[in-house]
Amino acid sequence: MGTSSAGSTPFVHAIAHFLEAIVCGKDIAPYGATFEDGYRCAVVCDAILQSAASGRREEIHVRVRGKAMKYCGKVVVTLKPGVFDPQGMTIRNALHALSYREVEEVETGKYFRVTLEARTREEAERRVREMCDQLLANPVIEQYTFEVQEIR
């Protein structure tokens with residue numbers, strides 16, 4: 001099996017530069033890719049594979065040089081099924097009095113918008129879930145849903 005020396009020369013130089021950077025503790029950039037660049041490529045490749053498997057578009061989230069990013073958590077808290085909602089009944093009755101007779105049921109709840117910093121989307125989701133479990137929702141009578149989006 002033969003190789004072309006002309007095609008391998010840039011590759012050999014890149015590997016030599018990479019190894020020198022590791023041994024000497026030098027920054028590999030701007031002459032070559034960094035470990036962060038490799039991480040980002042891996043994230044993109046993973047998203048491509050997940051997208052191909054699911055047939056859906058996958059979101060890509062990468063941290064920027066280890067720094068925290070800002071996220072927005074949107075939380076909706078509602079009463080669990082079967083829990084009486086007197087405020088919802090009052091609103092439904094008031095809507096009927098205003099000639100909105102088509103209204104069958106009104107469920108009340110709470111909405112929270114939480115801005116936070118985290119290194120990854122998973123960390124932001126974990127923290128928002130903890131906030132819901134510890135303070136934002138009463139686990140005896142309430143349930144919650146949330147979504148987390150990166151703020152750009």
Residues whose placed amide H lies under 5 Å from that of residue 119, excluding near-sequence neighbours: 69
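So if R0 is 41 Å, what FRET efficiency would residue 60 and residue 110 give, r being the distance between their Cβ atoms, rounded to the nearest 0.05?
On the way: r = 32 Å, r/R0 = 0.77.
The formula returns an efficiency of 0.85 here.
Just to verify a number: FRET efficiency for residue 98 and residue 138, C-beta to C-beta distance, R0 = 30 Å, to 0.05?
Details: r = 31 Å, r/R0 = 1.03.
It comes to 0.45.
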Output wanted: per-residue J couplings in Hz (rounded whole) for the range 89-100, from phi through Karplus 6.51 cos²θ - 1.76 cosθ + 1.60, θ = phi - 60°, x for Gly and Pro. 5, 4, 5, 4, 5, 5, 5, 4, 5, 8, 6, 9
Label-point separation in nm, residue 119 to residue 44, each point 7 Å along Cα→Cβ: 2.3 nm
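Here, each number is a calculation from the coordinates, and none is a lab measurement. Note that the coordinates shown come from a computational prediction; the quantities given were computed from them, not determined experimentally. No Cβ is skipped: glycine too gets one built from the backbone with ideal geometry, and neighbour counts run over all protein chains shown.
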